[in-house]
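Quick notes on the structure that follows.
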Amino acid sequence: MDNDDTGLRWYTSGDRTLIPLDDRFRYPKSLQRVLNQERFSVAINRDFPAVVAGCADREITWISPELQKVYCLLHQSGYAYSFETWQGDQLAGGILGIVIGGAFIGESMFYRITEGSKVAMVRLVERLRQRQFVLFDAQMINPHLARFGAYGISDQEYQVLLQQALQRRCFLL
């Protein structure tokens, strides 16, 4: 959604960014210490609306109120998921995504407690590997995702992987 509130638009890119689901996935050693401390618990869809709201809670956001409603409808239909980290009863961070076949399309992420979204990323990748997903589409590269080994591929390569993913029936839950 553009900030001009003229409606939803479909965006596509000639270049895609994937989070690797193989040994190219990496994260800082300092994050391994956080994982070992088990400061966060992980949940799926424990509070989907709060994750959508957390992802939209920015000074400038593309997640409009209308789009938040769309994500909730996709969630009710079994396509949209929230992968969450919690510290006690407090939502620490989360990742909003869409699951289609063996593809996880990451829409947005946020954190309220330092390291919350990073722990969510590591645990989500572990879950996608366990469930034999083909791809984790991060859509666009940024320095944060690059630290995890995110890499760009051409649209042609992406379409091949997407077709493979669509042949699978993977489940996040």
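All of the numbers you see were taken from the coordinates with simple rules; none came from a lab. Values in this document were obtained by computation on a predicted structure and should not be read as measured data. FYI the Cβ positions are ideal-geometry reconstructions off the backbone, even for glycines, and counts take in every protein chain you see.
Peptides 101-108, 115-122, 147-154, 47-54 ranked from most to least packed give 115-122, 101-108, 47-54, 147-154, packing being the mean of other C-beta atoms within 10 angstrom over each peptide's residues. Computed on the chain, with alpha-carbon pairs under 8 angstrom and 6+ residues apart, the relative contact order is 31 percent.
Here 62, 86 are placed in order of increasing Cβ neighbour count within 10 Å, fewest first, which gives 62, 86. Charged neighbours of residue 118, selected by a Cβ distance under 14 Å, balance to +4 (K, R count +1; D, E count -1). Compare 17, 85, 61 in a GNM of the chain, Cα atoms joined below 10 Å, and give the one with the largest fluctuation. The residue with the greatest mean-square fluctuation here is 61.
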